Amino acid sequence: MAALRYAGLDDTDSEDELPPGWEERTTKDGWVYYANHTEEKTQWEHPKTGKRKRVAGDLPYGWEQETDENGQILFIDHINKRTTYLDPRLAFTVEDNPTKRTIRQKYDGNTTAMEILQGRDFSGRVVIVTGANSGIGFETAKSFALHGAHVILACRNISRANEAKCSILEEWRKAKVEAMPLDLASLRSVKHFAESFKSKNLSLHVLICNAASFALPWTITEDGLESTFQVNHLGHFYLVQLLQDVMRASSPARVVMVSSESHRFTDIKDSSGKLDFGLLSPPKKEYWAMLAYNRSKLCNILFSNELNSRLSPHGVTSNAVHPGNMMYSSLHRNWWVYTVLFTLARPFTKSMQQGAATTLYCATAPELEGLGGMYFNNCCRCLPSQEAQNEMTARALWELSARLIQERIGRQSD
């Protein structure tokens, strides 16, 4: 059967695949060479393509290069506690062409967060991730922590946040990660979180606004606002306002707003074209959970765009992202219908590591340094809806959000 299956086909459909009996190795200074075990010889050129290559970038965080007793190079993975003679950077090589270097690594919907950070070291960088105890928030925080960053898990449920922290430390005992309570449904909690963070006298290089509620029944927060609107938008808006001075002092700094493609299926203006607060925080009889979620995700992009406009001159940029299609996460837990939909769609969804990739790309990509006000999906820039690009709506939302907070914070201080 095997003979029939491969009859008339090459050994591989990739020109970079090595013929049988060949092995790919690297020298101390990163040059790739090829060992032919059949003829017991080595050469610099790839046996099929004739190209010379070098590995790209530094070793991943947690890896170390050593030499064994025979003088052969080996690689130690301290995180997973294993040793290998295979250079982990071999998946990310560049051709030795003085006029043109082609990088094989490509980012798309299949890329994982760890692949985005391949070979990067974020030691000395401070990152806050909201909603980091599960789902893509956890994968985002873990990926940063395993690459040296000091990561703050900002979560409503502090016990689950501590469990997430322990899980990361089990993978890498030297990871710098801590959990702090943050309930975005409470402006008082947001203020307390910001004050506690500032008391640590840390910089803040990346703020990832990831936390979100989905399919919540109609509820009013302690601040008198509809929960989905406050958790998904207003809480993050207030958090950024309170931490913007730290980010400006830490510039260059980045904000990443986790939005959704569902922003395309709604509007937040009335028939006269003005921003309608009644659509953002509706009464119970006019509430529909999915529509509330869509509107909050539209707010995320509008806020990100206006934030970038205001803070980019001070070294703080902001971009919005869509993490993935119908990812199976704890967001689905609030209604059994969504549980069924997520379960049926699961074979066609991204993994959590893939879902976190676009967030990590916008938070770290060197080519995005100093650039913001954009929307990304599958690690690529794309245009959001026309409404999400409306500068007047973005300014009106900013002014409304600031007023809502000022009114409530003012009452609390009376």
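The values are calculated or read from the model by the stated rules, or taken from the named source; none is laboratory data. Note that the structure is a prediction, hence the values are computed from the model and not measured. All Cβ positions, glycine included, derive from the backbone under ideal geometry; neighbour counts span all protein chains shown. Surface accessibility is based on the protein's heavy atoms, side chains included, excluding ligands, DNA and RNA. Shrake-Rupley method; radii C 1.70, N 1.55, O 1.52, S 1.80 Å.
Some notes on this structure:
- Ordering of 187-194, 366-373 by packing [mean C-beta count within 10 Å, highest first]: 187-194, 366-373
- Most to least packed among 173-185, 248-260 [average Cβ atoms within 10 Å]: 248-260, 173-185
- Percent carbon-and-sulfur accessible area, segment 178-325, ignoring ligands, DNA and RNA, probe 1.4 Å: 51 percent
- Prolate/oblate/rounded call for segment 33-89, Cα gyration tensor, a/c under 1.5 rounded: oblate
- Cα-based shape type of segment 152-198, given that a ≥ b ≥ c are square roots of the gyration tensor eigenvalues and the cut on a/c is 1.5: oblate
- Theoretical gain in end-to-end length, residue 314 to residue 382 [0.36 nm per residue, Cα-Cα removed]: 22.0 nm
- Straight Cα distances below 15 angstrom link residue 285 to the aspartates and glutamates 226, with same-chain residues fewer than 8 positions distant left out.
- Hits among lysines - C-alpha to C-alpha of residue 176 under 26 Å, sequence gap 8 or more where chains match: 81, 142, 165, 191, 198, 200
- Heavy-atom SASA rank of 31, 288 (probe 1.4 Å, accessible area, largest first): 288, 31
- A 1.4 Å probe run over the protein chains yields, for segment 200-296, 38 Å² of accessible area per residue, whole-number rounding.
- Residues residue 39 and residue 241, FRET efficiency given R0 of 51 Å [Cβ-Cβ distance, rounded to 0.05]: 0.15
- Net charge contributed by nearby residues that have their C-beta within less than 13 Å of residue 220 (K/R +1, D/E -1): -1
- Cα-based shape type of segment 154-260, given that a ≥ b ≥ c are square roots of the gyration tensor eigenvalues and the cut on a/c is 1.5: oblate
- The accessible area of residue 202, taken with all protein chains in place and a 1.4 Å probe, comes to roughly 50 Å².
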